[in-house]
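Novice: Please find one structure pasted underneath; my questions will follow.
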Amino acid sequence: MRLPPFKSQGSIHLDRKKSAAGLPIESLGPSPLMSYSLRQRQGHIAVPRVSPGDHVLRGTVIAGGRGALDPPIHASTSGTVRAFLEAPFAHPQGRSALTVEIESDGLDRATPPLDPLSIRDLDRTRLIRRLQEAGIVGLGGGAFPTAHKASNETPLHTLIVNGVECEPYVSGDDQLIRERAQEILEGAEILARVLGIQNILVAIDEHLLDALAAVHQALKAFPREGFRLSRVEGRYPGGGERQLIERLTGREVPSGEIPQTIGVICQNVGTLFNLGRAITQGEILTSRVLTVGGECIRTPKNLEVRLGTPIQDVIHYCGGLLAPNALLWHGGPMMGFEIKDSLSPVTPRTHAILAFEAPARPPLPEPCIRCGACNDACPAYLLPEALYRASRSAQLETLVTLHVGDCIECGACNVVCPSHLPLVETFLFSKEQQARVLQERERAHHARQRYEARISRLERQEMERERIRLERKVALEKNSSPKILEAIERARRKQQSMIAAMPKESSDDELN
Ligand code: SF4
Ligand code: SF4
């Protein structure tokens, strides 16, 4: 029986425009010059482990993660470390970061794979260590280290396999599911088994019929109970983590919390595919599947590309651009951003490279007409119109009350706004401001705590000194003869009279 798809609330319909849909994944070899940005999560710079002139293989660690569970950065081909330099990477503001350049030797030799792990003996500690050493991160666009997710010890009951590729043009996950459904489910099974998860929900966009069929077929060969295939309504942003969890489990992830709080973990299909390979074959993450598309790409493709490949080489492989001044885009058209420098390398975040005609004249924003369309479209149940007003007048308290931090930056409000207001851009700025204010508040709170702790420490010390003084006095009085006590009293009186007789200026001098 064909069940109706899970409905998306507060979402919009977008033209799918998936011109690469159904095209088999092609493999693109390494470029002559590969580059690896050392900027990792939260702006941390990974610690270099190689020097210029060193020879590396595919899989050699070129930089170690900062945090204990942050993955290292691996070379994705063999060659020679040419330089360390400040170079651009794909970033919304076109920032640059310390980058390692490797000149490929054309041999593409690899380090031996890590030892395959027996699934039966696998425990959480070994899983986390393997995910970390194999460099497994989320491939849905966030690149969050999977070892971090797996290390959270909150009891879990549900794993959601996210195959809802809801952004227009993007089709890499769809094609991966069609070609590798079995391995994706194996990855899900390993994660669920180690984390003690009972239910695995495989969520697929209702439009991806071949992907649905592939998962359906793969599930037949799977002995495990608890797997369920869920068709999700193909509206945007159906694949947003929090929205998907709520749709499939009926439970909302509380504001400011992570899904594990309610016993759920969500993983992208590409992440699970690579997780499975890291465990069963000891394979290190050195490439990813992505879509190259958009109206200005000559031949749209689904490609497996080595991390570190310059974006311009990927575009060249797809026949180049149809318009010389095309707008290059990193990620999906809704949540991605403009690529400022086409030499920026492919990273685990790069799930799509798109090219569009640059708009001749973008429509000018007009005043809000309070139509409420943005409120209806918001999948996070926010009030974009009220947020916009609060942002414009910098009312930070109101922004916090309206939960600006819960905005997932999906851009649905922008699409429906008849006044062409830059809503999401304004919220991004407000979120940064809010984060700064919260940080300052946290710092002030911390400083106040330290000050109060110091005062109470000084008070404690003074009381302790007083106690010791009293104890000594009592002991002295107990053990001394009246003659000695008289002498002490005489000395005290003499000292007091000397202080009283001291000239005023000299005592001030001493004080100064
Ligand atoms: S960008 Fe933010 S405010 Fe706008 S619809 Fe998406 S979640 Fe809601
Ligand atoms: S959609 Fe645009 S015009 Fe309508 S209420 Fe929202 S911000 Fe105002």
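What follows draws every value from the coordinates through simple rules; no lab data is involved. Source: prediction; values computed, not measured. Backbone-built Cβ (ideal geometry, glycine too); neighbour counts: all protein chains shown.
Novice: So, R0 is 45 Å and r is the distance between the beta-carbons of residue 224 and residue 452; what FRET efficiency does that work out to, to 0.05?
Specialist: 0.25
Novice: Among 220, 149, which comes first, then next, by fewest other beta-carbon atoms within 10 Å?
Specialist: 220, 149
Novice: Subtract the Cα-Cα distance of residue 445 and residue 44 from 0.36 nm times their separation in residues, and report this length gain in nm to one decimal.
Specialist: 141.9 nm
Novice: Sticking with this structure for a sec: Out of all Cα-Cα pairs in the chain, roughly what percent, to the nearest whole number, are more than 40 Å apart?
Specialist: Summing the P(r) of the chain above 40 Å gives 34 percent of all pairs.
Novice: Right, here's the next one. Between residue 68 and residue 217, 0.36 nm times their residue separation minus their Cα-Cα distance comes to what?
Specialist: Between residue 68 and residue 217, full extension yields an extra 49.7 nm.
Novice: On a straight-distance basis, which aspartates and glutamates could pair with residue 301 in a cross-link, Cα separation under 14 angstrom, same-chain partners fewer than 8 positions away excluded?
Specialist: 26, 173, 174, 313
Novice: Among 467, 120, 16, which comes first, then next, by fewest other beta-carbon atoms within 10 Å?
Specialist: 120, 467, 16
Novice: How much FRET efficiency would the formula 1/(1 + (r/R0)^6) give for residue 401 and residue 459, where r is the Cβ-Cβ distance and R0 is 41 Å, rounded to 0.05?
Specialist: According to the calculation, E is roughly 0.60.
Novice: Here is a further query. Taking neighbour Cβ counts within 10 Å as the exposure measure, how do 288, 361, 277 sort from fewest upward?
Specialist: 361, 277, 288
Novice: Moving on. Stretched out fully, how many nm does the piece from residue 361 to residue 210 gain, at 0.36 nm a residue minus the Cα gap?
Specialist: That pair, residue 361 and residue 210, stretches by 50.4 nm at full extension.
Novice: By its C-alpha gyration tensor, with a ≥ b ≥ c as the square roots of the eigenvalues, how is the range 314-446 shaped: rounded for a/c under 1.5, else prolate for a/b larger than b/c, else oblate?
Specialist: Here the range 314-446 falls in the oblate category.
Novice: Tally the DSSP beta bridges in the chain and give the antiparallel ones as a percent, rounded to 5.
Specialist: 60 percent
Novice: Also, I was wondering about something else. When we measure straight from the Cα of residue 431, which lysines land under 25 angstrom away, once same-chain ones fewer than 8 places off are left out?
Specialist: 149, 340
Novice: Under the rule that a partner needs its Cβ under 4.7 Å from the first Cβ, which Cys of the chain have none?
Specialist: 166, 266, 296, 318, 368, 371, 378, 407, 410, 417
Novice: Rounded to the nearest Å, what's the spacing between the alpha carbon centres of the range 380-444 and the range 124-182? Just the number, please.
Specialist: 29 Å
Novice: Counting only DSSP beta bridges with both residues in the range 1-154, tell me the antiparallel percent, nearest 5.
Specialist: If we restrict to bridges inside the range 1-154, about 95 percent are antiparallel.
Novice: Here's another thing I want to ask about it. Say a site is exposed when it is one of the GluC sites (Glu not before Pro), sits in a DSSP loop, and has at most 11 other Cβ atoms within 10 Å; what is then the longest site-free stretch of the chain?
Specialist: Result for the longest clean stretch: 258-512.
Novice: Counting alpha carbon pairs within less than 8 Å and at least 6 residues apart, what relative contact order, in whole percent, applies to the range 371-472?
Specialist: Relative CO of the range 371-472 lands at 24 percent.
Novice: Something else: At 15 Å minimum axial length over the Cα atoms and a Kyte-Doolittle cut of -0.5, report the qualifying DSSP H helices in the chain, or say none.
Specialist: 172-195, 209-220, 269-280
Novice: Shifting gears a bit: Could you state the number of Å between the C-alpha centres of the range 95-118 and the range 462-479?
Specialist: 71 Å
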